[in-house]
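Bear in mind these aren't lab numbers, they're just calculated from the coordinates by the rules spelled out. All values derive from a computational prediction rather than experimental measurement. Cβ: placed from backbone, ideal geometry, glycine included. Neighbour counts: every protein chain shown.
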Amino acid sequence: MTDRSRSSGRSVRAAIAGLFGGRSRTVVVECRRCGTSVERGARACPTCNCDDIVTYTIR
Ligand SMILES: [Zn+2]
């Protein structure tokens, strides 16, 4: 039982990594004004309508 929950935790992590292309790199896109996370490629913040969007790449 314990081993099963341990391995499922690992596979969830692998699944999340797969969503990001399987690379150890995460791209975060957020509004510079209010800090809301926005979709990649968005040109304006849905919260404050500011177009000052900043993209960070975390390795
Ligand atoms: Zn904003």
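With each label modelled as a point 7 angstrom along the Cα→C-beta vector, the Thr36-Ala14 pair spans 3.7 nm. Given their separation in residues at 0.36 nm each and the Cα-Cα distance between them, Cys50 and Arg25 gain 6.4 nm when the chain is fully extended.
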